[in-house]
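Comments concern the structure below.
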Amino acid sequence: MQVIKQLSKMADFSLKLRRKGRKIGFVPTMGYLHKGHLSLIKQAKSKNDIVVVSIFVNPTQFGPKEDFKNYPRDFKKDKWLAAAFGVDVIFYPAVKNMYPAGYCTYVNVEELTEGLCGASRPGHFKGVATVVAKLFNIVQPDVAYFGQKDAQQAIVIKQMVKDLNMKVKIEALPTVREKDGLAMSSRNVYLSKSERKDALVLYYALNNAKALIKRGEKNSARIITAMRKMINAKKTARIDYVSMVDAGNLKDIETIKSKAIIVLAVKIGNTRLIDNMLVGV
Ligand code: AMP
């Protein structure tokens, strides 16, 4: 396995392989790899000739009061895990090379980024779309893999690729969970022991919603009220949003239909967690 830090070297590597007709699968990450990332890597490995994983904690997607500086990093462990899972290249660029002095071009996907995480994290998706566009230009993958855990992100990236006529195919894969149901996330390390227990309420609330729907409940306001009640019962929990939206355009829906998704963001103590579940009937 190679670690490539230089942007031009990464681009050359991909170009050479593509000319030979090799298929490149790409998994963009911010590192601190866990089983969620590894499921994307496994899928990339099984469907492509070459797997590139990027590890880049992208400053432009963090707000000024967010956790860019403290975001967990462990490159040594990531390197070990990536090698064990058959990754061919870790692309590990430096911030100063991705955003050199004078940098001033950003990608803004409209509408889809206005609500949900876009509303509570202004500028977040502009940073995400920009870095992913840059990574696609450098790595030139055939297929790129994203997690359904970040549902809005996957939809935004799909739209960007469509709107900007990018050639890469986007695959969104299911959320990988801890044994007890908590969605895997690099940020879970921030949780104290008791917060870790409280954090399970996100998964319970989603499952409770699913059970209500199975019993015939179709009204999203009632489902959301039940979920909010469950979550608010935890002292450490502060809801950012709980919404039932159309899984295609992320617009709020009043009555459940085929392609519905329940999305939520909740702060447990100081840690902001997100999760979602497809619930369409
Ligand atoms: P991150 O390093 O958190 O930016 O995530 C990199 C990629 O891994 C994104 O496409 C995420 O959606 C995906 N991912 C993160 N957590 C999970 C998970 N629990 N299950 C599946 N994919 C995930």
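The values are calculated or read from the model by the stated rules, or taken from the named source; none is laboratory data. Keep in mind that this is a model prediction, so the values were computed, not measured. Neighbour counts are summed over all protein chains in view; Cβ atoms, including those assigned to glycine, are modelled from backbone coordinates with ideal geometry. These area figures cover heavy atoms from the full protein model, side chains too; ligands, DNA and RNA do not enter into them. Shrake-Rupley method; radii C 1.70, N 1.55, O 1.52, S 1.80 Å.
Structure notes:
- Relative contact order (percent, whole number), the stretch 186-276, Cα cutoff 8 Å, 6+ residue spacing: 30 percent
- Packing here is the average count of other Cβ atoms within 10 Å per residue, and on that basis the peptides 112-124, 149-161, highest first, run 149-161, 112-124.
- Size of charge dipole - the chain - debye, nearest 20, with Cβ of Lys, Arg +1 and Asp, Glu -1, no other charges: 640 debye
- Helix axis angle, 35-47 relative to the chain longest principal axis, alpha carbon, degrees: 50 degrees
- Under the Debye formula (equal points on every Cα, no solvent term), log10 I(q)/I(0) of the stretch 186-276 at q = 0.12, 0.16, 0.21 Å⁻¹: -0.36, -0.62, -0.96
- For the stretch 1-109, the calculated P(r) over all alpha carbon pairs, in 5 Å bins from 0 to the bin holding the longest distance, is 2, 11, 20, 22, 19, 15, 8, 2, 0, 0 percent.
- Label point distance in nm, residue 178-residue 221, each placed 7 Å from Cα along Cα→Cβ: 3.6 nm
- Between 0 and 90°, nearest 10: helix 75-84 axis offset from the chain longest Cα axis: 80 degrees
- Degrees, to the nearest 10: 220-232 long Cα axis against longest axis of the chain: 90 degrees
- D (Stokes-Einstein, µm²/s), Kirkwood Cα radius, the chain, 1.306 mPa s at 10 °C: 81 µm²/s
- All alpha carbon pair distances within the stretch 206-259 were sorted into 10 Å bins beginning at 0; the resulting P(r) in whole percents reads 23, 53, 22, 2.
- Whole-number accessible area per residue in Å² for the chain, which is evaluated in the context of all protein chains at 1.4 Å: 51 Å²
- Mean residue ellipticity, 222 nm, helices only, the chain: the sum of -39500 (n - 2.57) across DSSP H runs of n ≥ 4, divided by residue count and rounded to 500, is -12000 deg cm²/dmol.
- Stokes-Einstein diffusion for the stretch 117-259 at 37 °C, viscosity 0.692 mPa s, with a Kirkwood radius from C-alpha pairs, works out to 190 µm²/s.
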